[in-house]
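Novice: Have a look at this one.
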Amino acid sequence: MRLTTKGRFAVAAMLDMAENASDRPINLSILSQRQNVSLSYLEALFARLRRHELVASTRGPGGGYALARDASKITVADILFAVDGPVPPAQDTERRAAPSPDRVTTLELWASLGRQVVDYLDSVTLQSLVRPEAAQRSSMREMVAVSLPANRQRAKPRMLQGPNSVFALGQLATRS
């Protein structure tokens, strides 16, 4: 598995989405500003994430991207595979160049290490990376949305009988 800058930015953007989850999709321009990454770079990353069904897109005004699955179901390995592609096959050019047992042993060592890294990243979910205070903010938003009734009537503004501008106030003062 390759650990690239592209993968690092993709994980950071997905984590930002998980921490700031709401009922509305997140616009990439907002994400671009928060992550300090160019919009075109994020668009390319999110096209790959969408193809791998890690994010869902919504078109039109108020559109953007949202996590396609729950954050507890998306692993860091899923994100890295989506943006960096599949793991390249083990290169056996060393085996052909030098058939010594030491070279074969080192190839096996690196292949084993690669499998361990993939296994570890496959065990780390976005939900496990979300900071506790971010999770609290998200749950507070949900509580506020649930506690306010949807059909609540708005209070009517009160009409004051006094002057409505500084000029009207001045004219009232000169008359008295």
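The values are calculated or read from the model by the stated rules, or taken from the named source; none is laboratory data. Since we're looking at a predicted model, the values are computed, not measured. Counting neighbours? That spans all protein chains shown, and the Cβs are built from the backbone with ideal geometry, glycine included. Remember, those area values only see protein heavy atoms, side chains included, never the ligands or the DNA or RNA. Shrake-Rupley method; radii C 1.70, N 1.55, O 1.52, S 1.80 Å.
Novice: When you go through (1) surrounded by fewer than 11 Cβ atoms within 10 Å (Cβ to Cβ); (2) at pLDDT below 70; (3) among the small types (Gly, Ala, Ser) one by one for Ser112, which number turns out not to apply?
Specialist: So Ser112 meets the others, but not (2).
Novice: Got a sec? Which of Val37, Val55 is out of contact with any strand residue (DSSP E or B) (no Cβ under 9 Å at 6 or more places or on another chain) and either open to solvent by less than 60 Å² (accessible area, probe 1.4 Å) or among the aliphatic types (A, V, I, L, M) (or both)? Don't jump to the end; show me each part of the working.
Specialist: Numbers: Val55 fails: out of contact with any strand residue (DSSP E or B) (no Cβ under 9 Å at 6 or more places or on another chain).
Of Val37, Val55, the one residue that is out of contact with any strand residue (DSSP E or B) (no Cβ under 9 Å at 6 or more places or on another chain) and either open to solvent by less than 60 Å² (accessible area, probe 1.4 Å) or among the aliphatic types (A, V, I, L, M) (or both) is Val37.
Novice: At least 3 residues that are within 30 Å of Ser112 (Cβ to Cβ) and in contact (Cβ under 8 Å) with a residue 40 or more places away in the chain in each: list the helices (runs of 4 or more DSSP H) lying fully within the stretch 1-86 that qualify. Walk me through how you get there before you give the answer.
Specialist: Values: elements: 5-19, 28-35, 39-51, 76-84.
Here the list reads 5-19, 76-84.
Novice: Next up: Going through the stretch 59-78 one residue at a time, which ones are among the β-branched types (Val, Ile, Thr) and under 9 Å from Leu121 (Cβ atoms)?
Specialist: Of all residues in the stretch 59-78, those among the β-branched types (Val, Ile, Thr) come to 74-76.
Correct list: Thr75, Val76.
Novice: Looking only at the stretch 68-96, filter to residues that are of a type in the set (Asp, Glu) and modelled with pLDDT under 60; which one of those is farthest from the chain's Cα centre (by Cα)?
Specialist: The initial filter retains those residues of the stretch 68-96 that are of a type in the set (Asp, Glu), namely 70, 78, 84, 92, 94.
After this cut, where a residue has to be modelled with pLDDT under 60 as well, the list is 92, 94.
Values: Asp92: 37, Glu94: 40 Å.
Step by step, filter the stretch 68-96, then rank; the result is Glu94.
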